[in-house]
Amino acid sequence: KAMAAGVPVILLYSDMPDSGALAYVGLDNFQCGVDTATEFLKRGGNSGKFGIVMNAGAANTEDKKAGVLKGLEGTDWELVVQAEDRADTQTSIEASKAMLSAHPEITGIFGLDAAAGSGIGNAIEELGLEDKGMTIVVHDRQDITLEYVQKGIIGATLEAKTAFIPYLA
């Protein structure tokens, strides 16, 4: 609507199909998903059952998920469940706890938005699963996420340098 009204639009962080915007400045979310899968495979090997915690329906996380699934092609990793966190930490905690309780066979988890890392880490602590040895790779640099990395609960987090994106735009 803005473009139709003559207002120039540049999208940040998340693109929208057929938006008509002049430009998109941000992460290549699909490639980020592929890179996340690469890191996951380095840490977790080529087989297991995994869950994804994400903000379903958001173009950026859907693209990350598509990249993860592409990056896992040719392996024996099986997607068991996708948990919805609405990019909210408290929702992520509850969704992660529900996912882990309902699917004890999970050996790996991807967290594809900023709330996922803190939600997954908190859920693992609350459920006492720290010693299960799951492969967990998430996104973002929130202090709590970095604390879970330091504790060894989360194996790795990928940072997108999001503070630089508005500057570039």
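The values are calculated or read from the model by the stated rules, or taken from the named source; none is laboratory data. Bear in mind that the values here come from a model prediction, so they are computed numbers and not experimental data. Cβ: placed from backbone, ideal geometry, glycine included. Neighbour counts: every protein chain shown. Just the protein is used for accessible areas: all its heavy atoms, side chains included, with ligands, DNA and RNA removed. Shrake-Rupley method; radii C 1.70, N 1.55, O 1.52, S 1.80 Å.
Suppose we filter Asp76, Asp131, Asp35 for residues that are in contact (Cβ under 8 Å) with a residue 60 or more places away in the chain, open to solvent by 50 Å² or more (accessible area, probe 1.4 Å) and among the acidic types (Asp, Glu); which single one remains? Going through Asp76, Asp131, Asp35 in turn, just one is in contact (Cβ under 8 Å) with a residue 60 or more places away in the chain, open to solvent by 50 Å² or more (accessible area, probe 1.4 Å) and among the acidic types (Asp, Glu): Asp35. One residue alone among Ile124, Ile144, Ile106 is open to solvent by less than 10 Å² (accessible area, probe 1.4 Å), more than 14 Å from the chain's Cα centre (by Cα) and over 23 Å from Asp63 (Cα atoms), and that residue is Ile124. For the range 99-120, the criterion of being part of a helix (DSSP H, G or I), touching a strand residue (DSSP E or B) at 6+ places or on another chain (Cβ under 6 Å), within 18 Å of Ala160 (Cα to Cα) and of a type in the set (Val, Ile, Thr) is met by no residue.
Evaluate the range 45-68: report whether one residue or more is open to solvent by 80 Å² or more (accessible area, probe 1.4 Å) and within 16 Å of the chain's Cα centre (by Cα). Quick ask: steps written out before the conclusion?
Taking the range 45-68 and keeping what is open to solvent by 80 Å² or more (accessible area, probe 1.4 Å), we get 46.
Narrowing further to those that are within 16 Å of the chain's Cα centre (by Cα): none.
No, the range 45-68 contains no residue that is open to solvent by 80 Å² or more (accessible area, probe 1.4 Å) and within 16 Å of the chain's Cα centre (by Cα).
The single residue among Leu22, Leu12 that is more than 25 Å from Gly152 (Cβ to Cβ) and either open to solvent by 80 Å² or more (accessible area, probe 1.4 Å) or modelled with pLDDT of 95 or more (or both) turns out to be Leu22.
May I ask you to say which residue of Thr75, Thr135 is farther than 23 Å from Tyr13 by Cβ and in contact with a Phe, Trp or Tyr (Cβ under 7 Å, 6 or more places away or on another chain)?
Details: Thr75 fails: in contact with a Phe, Trp or Tyr (Cβ under 7 Å, 6 or more places away or on another chain).
Going through Thr75, Thr135 in turn, the sole match is Thr135.
A quick yes/no check of all residues on (1) on the phi < 0 side of the Ramachandran plot; (2) out of contact with any helix residue (DSSP H, G or I) (no Cβ under 8 Å at 6 or more places or on another chain); (3) open to solvent by 10 Å² or more (accessible area, probe 1.4 Å); (4) not charged (D, E, K, R):
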| position | (1), (2), (3), (4) |
| --- | --- |
| Thr91 | yes, no, yes, yes |
| Lys97 | yes, no, yes, no |
| Ser101 | yes, no, yes, yes |
| Ser118 | yes, no, no, yes |
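Looking at the range 46-67, can you tell me whether even one residue there is more than 21 Å from Asp85 (Cβ to Cβ) and free of Cβ contacts under 8 Å to residues at least 40 places away in the same chain?
Restricting attention to the range 46-67, the residues satisfying the condition of being more than 21 Å from Asp85 (Cβ to Cβ) are 46-48.
Cutting the leftovers down to free of Cβ contacts under 8 Å to residues at least 40 places away in the same chain gives us 46-47.
Checking the range 46-67: at least one residue is more than 21 Å from Asp85 (Cβ to Cβ) and free of Cβ contacts under 8 Å to residues at least 40 places away in the same chain.
Quick check: anything in the range 124-140 assigned to a loop (DSSP other than H, G, I, E, B) and among the basic types (Lys, Arg)? Can you show your working first?
From the range 124-140, those assigned to a loop (DSSP other than H, G, I, E, B) are 128-129, 133-134, 140; that's our starting set.
Add one more test, that the residue is among the basic types (Lys, Arg), and what stays is none.
No, every residue in the range 124-140 fails to be assigned to a loop (DSSP other than H, G, I, E, B) and among the basic types (Lys, Arg).
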